[in-house]
1. Which residues, counting only those in region 145-175, are open to solvent by less than 70 Å² (accessible area, probe 1.4 Å) and of a type in the set (K, R)?
2. Just the residues that are at pLDDT 95 or above and more than 19 Å from K3 (Cβ to Cβ), please, taken from region 41-53.
3. Can you name every residue in region 30-53 that is assigned to a helix (DSSP H, G or I) and open to solvent by less than 10 Å² (accessible area, probe 1.4 Å)?
4. What single numbered condition from (1) part of a loop (DSSP other than H, G, I, E, B); (2) open to solvent by less than 50 Å² (accessible area, probe 1.4 Å); (3) without any contact (Cβ under 8 Å) to a residue 40 or more places away in the chain fails to hold for K3?
5. What residue, of L121, L114, L132, is in contact (Cβ under 8 Å) with a residue 40 or more places away in the chain, open to solvent by less than 40 Å² (accessible area, probe 1.4 Å) and aliphatic (A, V, I, L, M)?
6. Residues of region 18-36 being within 15 Å of the ligand (Cβ to nearest atom) and either touching a Leu at 6+ places or on another chain (Cβ under 9 Å) or of a type in the set (S, T, N, Q) (or both), which ones?
7. Just give me the residues in region 195-224 being farther than 12 Å from L162 by Cα and in a strand (DSSP E or B), in sequence order.
8. For K92, state whether it is at pLDDT below 95, open to solvent by 70 Å² or more (accessible area, probe 1.4 Å) and not assigned by TED's automatic domain parsing to the domain that holds G142.
Amino acid sequence: MSKATILIIEDEAEIREMLRFSLERADYRVHEAETAEQALEKLQGRLPDLLLVDWMLPGISGVDLIRRLRRDELTANLPAIMLTARGEETDKLNGFDSGVDDFLTKPFSPKELLARIKALLRRYGVQDSEQLTAGILSMDLGQHQLSINGTVIEIGPTEYRLLEFFLKKPNRVYSREQLLDSVWGRNVYVEERTVDVHILRLRKLLTPFGCDSWVQTVRGAGYRFTPETVPAQGSN
Ligand code: CA
């Protein structure tokens, strides 16, 4: 049911509805904001995988919003497509300066929209499918299910979200703070130690399958998920 999550930032209700319709039909999860200010508030929670931003917004403009997000470590690498009206093309250069990844000129077809989204997600290495896999691990995001070696495994909701995050963004070191922000959300106040607790639980869950070592502690920095590319090992 669910692929990547997309945040639409567009003040015109009609266009928002059209976008939501097209995106949901293609199985994306959709969130909406009418203004940049509203979007900034929403981005305090769990981050979407991609932003669709209208250029002309009341208050902070779409370009200024992107510029602001690029300065923040957490949102610096958030894929963003700008929606422009005909005639704004001459300003595109300015848009690219701000860190916009791509442009779509209204009116555009749903087909073009989906093609651009797919291409951009691929460029950022976001796994755009219902299934996340690494070796013997497989997560079905639609079913909200983890399978190891083809067997469905019981997993707590936080460990699930943590593992989903790691599978989407493997091989990179994340500090406890970054994990809190990305997995728990910025407006949630929990101690950094909480991260350790859930990392420990995740490792314990993976231990019988020999992949607990994929969840690595990086001394003084945080954690990294490094799935091995070697063939799957048995669970017994
Ligand atoms: Ca507008």
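The values are calculated or read from the model by the stated rules, or taken from the named source; none is laboratory data. None of these values were measured; they are calculated from a predicted model. Glycine also receives a Cβ, built like all others from the backbone with ideal geometry; neighbour counts cover every protein chain displayed. Surface accessibility is based on the protein's heavy atoms, side chains included, excluding ligands, DNA and RNA. Shrake-Rupley method; radii C 1.70, N 1.55, O 1.52, S 1.80 Å.
1. Correct list: R161, K168.
2. Selection gives V53 alone.
3. Selection gives A36, A39.
4. Failed condition: (3).
5. L121
6. Within region 18-36, L19, E32, A33, E34, T35, A36 qualify.
7. Once the filter is applied, which keeps residues that are farther than 12 Å from L162 by Cα and in a strand (DSSP E or B), region 195-224 yields Q216, T217, V218, G222.
8. Taking the combined requirement at face value, the residue does not satisfy it.
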